[in-house]
1. Residues that are among the hydroxyl-bearing types (Ser, Thr, Tyr): list the helices (runs of 4 or more DSSP H) wholly contained in the range 11-128 that include at least 3 such residues.
2. Examine the range 120-128 for a residue that is touching a residue at least 12 places away in the same chain (Cβ under 8 Å) and surrounded by 10 or more Cβ atoms within 10 Å (Cβ to Cβ), and state whether such a residue exists.
3. Working only within the range 57-83, note down all residues that are hydroxyl-bearing (Ser, Thr, Tyr), within 12 Å of PHE46 (Cβ to Cβ) and surrounded by 14 or more Cβ atoms within 10 Å (Cβ to Cβ).
4. Quick check on this structure: which one of LEU19, LEU26, LEU37 is in contact with an Asp or Glu (Cβ under 7 Å, 6 or more places away or on another chain), at pLDDT below 95 and either surrounded by 12 or more Cβ atoms within 10 Å (Cβ to Cβ) or more than 20 Å from LEU93 (Cβ to Cβ) (or both)?
5. How many residues does the range 30-45 hold that are farther than 25 Å from MET72 by Cα and not small (Gly, Ala, Ser)?
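The values are calculated or read from the model by the stated rules, or taken from the named source; none is laboratory data. In this text the structure is predicted, and so the values were computed from the model without any measurement. Cβ sites come from the backbone with ideal geometry, for glycine too, and all protein chains shown count toward neighbours.
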Amino acid sequence: MRLPNRWVAWTNLFVRAPLSIDQSWLEDEMRKWRSRLKKSTEVEIFGKIYNIKSEAEPSYTSELASYVDHKMREASENTLTVSSMKIAVITALNIANDLFQLREEFKTKGNIIDRKTENLLALIEKEI
């Protein structure tokens, strides 16, 4: 009877384990396990095919790649450069700018929520 791959791998892990487990050995084994769990997804970004290995679901990886492709095409339409490297850098800066703006917006909204919560608590404490 042939064991499923995951059982064979677990068996190998325990058979090869030294008597006193060294931290670096354990980290090494964990890294190997994580790499086995990664899924491979083929995506196209700005006309080039990439094989992406990730722990994320392939549909999510494809969605991210589609977003990056869209942003790169958008950047290429708004600039005269034809260098895909320069377009990638412009795209990365645009995405980073979007991220920073969203962080600031969430921070601002979080502060507003904190203030309103404090006001509500003060009103409740007054009534108690």
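1. Correct list: 58-77, 84-127.
2. No, the range 120-128 has no match at all.
3. Within the range 57-83, SER76 is the sole residue that qualifies.
4. Matching residue, one of LEU19, LEU26, LEU37: LEU37.
5. 8
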